[in-house]
Amino acid sequence: MIYLDNAATTKCSEETVSIVNSFLSTRFFNPSAQYKQSVLIRSEIDNSRNNILKSLSGKGRIIFTSGGTESDSIALNNTKKKQGSKIIISSNEHSAIYYSALELRNRGFKLEICPTDNHGKLNLVEFENLLDESVSLISIMHVNNETGAVNDLKKIVTLARSKAPLALVHSDGVQAVGKIPVNLSDLDIELYSLSAHKIGGMKGSGALFIKEGIEITPFLFGGGQEYGLRSSTENVAGIVSFARAIESRVIDIKSNYKKITSLFNILYNYLVNNEYFKVISDEIFGSKYILLFTNKLIKGEILQNLLESKGIIVGTGSACSSNNKTTRITNALKLSKTDSEGVIRVSFSIDNTENEIYEMISALDGIIREYKLLCL
Amino acid sequence: MFVEYNCILIREGEIFLKGKNRNQFEKQLLNNIKFKLKDHKYSINASRNRFYIESFDPSYTNIILEELKTVFGIHSISRCIKIESNLESIFSLCSVIMPANGSFRVSVKRADKSIKFTSVELAKEIGGRILQRNPNITVDLENFEYELNVDIRENGYTYLYFEKIPGGGGLPVGVSNRGLALLSGGIDSPVATIMMSKRGMKVDAIHYHSYPFTGELALQKVRDLCKVISKYNLGIKLYIVNFTEIQQEIYKACPKEFLITIMRRFMMRIAEKISLLNNLSCIITGESLGQVASQTIEGITSTDRVLSSLSVLRPLIAFDKTDTIELANKYNTFKLSILPYEDCCTVFLPENPSIHPNIFEVEKSELNLNLESLMQRAIETLVIEKY
């Protein structure tokens, strides 16, 4: 099997499996207990917290969560905001942000949804126009999970500081961390969501970065874990393996990116030289981990099924209109009806090889050839 | 005082209209109720168009009621308090179980003629006792909030109940032979299938898929629909046939405007063949006249022409889509049906299908195909699953 849907989830790395194994079997102790084993585990959690902050140059707190969705939800729902104030998100945010924002609108906040360009990158002119002193929260994703578009967070934060001084800025960094450089101090951002299973960690493990001085209201009450904000016995195996995954991905970020870029380029060059395909991702400024394209012959879902029958797993993503109950992402990317029907998302991981991409290309060639014989 | 419901009363549906077959119908209904409640401990007795379920664990009452709501052949269900027909006990219990506020009426049925009062006299007496005990409640024979039914039976017991919960209606599954439904996964075919179950038919289903063009999700959706249908049909057998080669061959060899008509003719032929092999006596489809291009009278005529011995039942033929959707919601199939996966009918959809296919032209264009070997190879892909 060739797995090319790594933006959905990745296989756990061997290191994750080994760490998880050890914390599930021999080092299973409750970190809140008083005996030596527990104290040691508690310090492992603290180390994990510090290592993540160090890897991302963050000054503040990391609270561990059950994943990106929970982190996004905390950022939107549990930050202090003036009742009725303005909240800004972008038009192609992940559902975790979009639906939390809709909920806030129902509770009386004013929601502004800022458009993006055709690659999925925030339109900064429109964004700037939305800024004023009534904005209390801005949430703009770092790397778009559909197209790989990278938003200029630094510029976004700078604009926010000058025109919306009361606003907290949050970013969903789930597709960014461990893949492109992230320096939280340099970005000067207040809140940043992370997830483990997109970089070889475990599902059910994530974190939220909270900048120094930013207040979050507690939302799970009990034993007082996670600074009293999120009580619950810690997912130790998930936490320790997550921190380690970030650490190792950040160390190798350049060499990994080089490898991923060569995979991206192989597929990209094939697609742009084939009359039936059109690339939606931004090949210059986007993250090379995600390549979104469309074709005018075969519906995305059918093409995905045909590739699966040849042992190649790709995603259609929510940009594929036939696979989605809403047309939110399709509209955000301004895709035509034909383009939205043929969408395929390929997302790479460091486990993929060039040969796998060549196999995918030859499978695409074969499918197109057969389909043309049958239907044209 | 807390009084627990200790009996569930089940009223038969139209079975009571049946003449000589009535015993067989009642027996089937009893078997179906037992099948539904196989995970529970209880006793069941039949008497005069009714069944009484007793000796069950009261904490499972609501679960049992939910199970019974999906049994066809049941007209209505009531949770009852069963007591011996002693008038003093009846009077005092009635005044205890009535809520303290609101309006009420009492309806008495007295099948036990050894009781010396008439039904009206009894109702008056019970009403009086209730008012005596609950000064804040009022009698209202027309616009009442609570109707207390007091059913004094000949067996020496009285049944007290407030509500009549509607049952599934129809006839018990199994009394109207067996059929094979064409199940696409859309909104109509699951409803058509359950409607036939409601008329007492035990239905099997056949699904055509177009792997590798269609995927596992589309097939899983049909399996999930079968799990819902199974609740009403008391289990269902699903025949899965790969239809891809047939579609591809039609696409290559026949005029595109007849693609759907010829596809449907193949589906009918295969369904008939599988029905005959499995002693199924008809084919069921969810077609509704004029709904899509293939569901015109010409389309339907040309698909039916391929059948040699079985009839096609189309329970939705004169239904509006909104009416079908209402039933799909009632039977809990709607949410599954609208999952938007490609299925065998959408994969090879021609842009301009013929709305009024001419039967002779259709038959002529089929001459380009080797019908028998295509059918044979499709039937070789058959997989059977049970839900």
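The values are calculated or read from the model by the stated rules, or taken from the named source; none is laboratory data. Since the model is a prediction, treat every value here as computed from it, not as a measurement. Positions of Cβ are backbone-derived with ideal geometry, glycine not excepted, and every protein chain shown enters the neighbour counts. Just so you know, the surface numbers come from the protein's heavy atoms only, side chains and all, with ligands and any DNA or RNA stripped out. Shrake-Rupley method; radii C 1.70, N 1.55, O 1.52, S 1.80 Å.
Within region B:219-235, the set of residues being open to solvent by 10 Å² or more (accessible area, probe 1.4 Å) and touching a residue at least 60 places away in the same chain (Cβ under 8 Å) comprises B:Lys221, B:Arg223, B:Asp224, B:Lys227, B:Val228, B:Ser230, B:Lys231, B:Tyr232, B:Leu234, B:Gly235.
Would you call A:Val177 part of a loop (DSSP other than H, G, I, E, B), in contact with a helix residue (DSSP H, G or I) (Cβ under 9 Å, 6 or more places away or on another chain), hydrophobic (A, V, I, L, M, F, W, C) and modelled with pLDDT of 95 or more? Judged against the criteria, A:Val177 is a match.
Out of the residues in region B:323-348 that are in contact (Cβ under 8 Å) with a residue 24 or more places away in the chain and within 10 Å of chain A (Cβ to nearest Cβ), which is most open to solvent (accessible area, probe 1.4 Å)? Going through the qualifying residues, I end up with B:Ile338.
Buried (at least 17 other Cβ atoms within 10 Å of the Cβ) and either more than 24 Å from B:Ile270 (Cα to Cα) or assigned by TED's automatic domain parsing to the domain that holds B:Ser230 (or both): which single residue out of B:Leu289, B:Leu369, B:Leu382 fits that description? Only one candidate qualifies: B:Leu369. Please work out if A:Ser95 is surrounded by fewer than 22 Cβ atoms within 10 Å (Cβ to Cβ), in the same structural domain as A:Gly120 (by TED's automatic domain parsing) and within 24 Å of A:Ile329 (Cβ to Cβ). For A:Ser95, the condition - surrounded by fewer than 22 Cβ atoms within 10 Å (Cβ to Cβ), in the same structural domain as A:Gly120 (by TED's automatic domain parsing) and within 24 Å of A:Ile329 (Cβ to Cβ) - is met. When region A:119-141 is filtered for residues that are open to solvent by less than 10 Å² (accessible area, probe 1.4 Å) and not in a strand (DSSP E or B), the ones remaining, listed by number, are A:Gly120, A:Phe127, A:Ile140, A:Met141.
Among residues of region B:189-218 being open to solvent by 20 Å² or more (accessible area, probe 1.4 Å) and at pLDDT 95 or above, the one that is farthest from B:Asn329 (Cα to Cα) is B:Lys202.
As a summary of the residue check, A:Ser287 satisfies the conditions (1) more than 14 Å from every other protein chain (Cβ to nearest Cβ); (2) not in a loop (DSSP other than H, G, I, E, B) except for the one numbered (2).
Would you mind stating whether B:Tyr232 is outside any helix (DSSP H, G or I), away from every other protein chain (no Cβ under 11 Å) and either farther than 26 Å from B:Leu371 by Cβ or of a type in the set (Phe, Trp, Tyr) (or both)? For B:Tyr232, the condition - outside any helix (DSSP H, G or I), away from every other protein chain (no Cβ under 11 Å) and either farther than 26 Å from B:Leu371 by Cβ or of a type in the set (Phe, Trp, Tyr) (or both) - is not met.
Flag set for A:Lys278, criterion: touching a strand residue (DSSP E or B) at 6+ places or on another chain (Cβ under 6 Å), open to solvent by 30 Å² or more (accessible area, probe 1.4 Å) and farther than 25 Å from A:Ser195 by Cβ.
Sub-9 Å Cβ pairs linking a first residue in region A:146-164 that is at positive phi to a second residue that is β-branched (Val, Ile, Thr) and open to solvent by less than 10 Å² (accessible area, probe 1.4 Å), at least 6 apart or interchain, are A:Gly148/A:Ile290, ordered by first then second residue.
For region B:133-191, filtering for residues that are closer than 30 Å to B:Ser95 by Cβ and part of a strand (DSSP E or B) leaves 17. When B:Val312 is tested against (1) among the aliphatic types (A, V, I, L, M); (2) in a helix (DSSP H, G or I); (3) touching a Ser or Thr at 6+ places or on another chain (Cβ under 7 Å), only condition (2) is not met. Scanning region B:244-263 for residues that are away from chain A (no Cβ under 14 Å) and within 23 Å of B:Arg223 (Cβ to Cβ) yields a count of 1.
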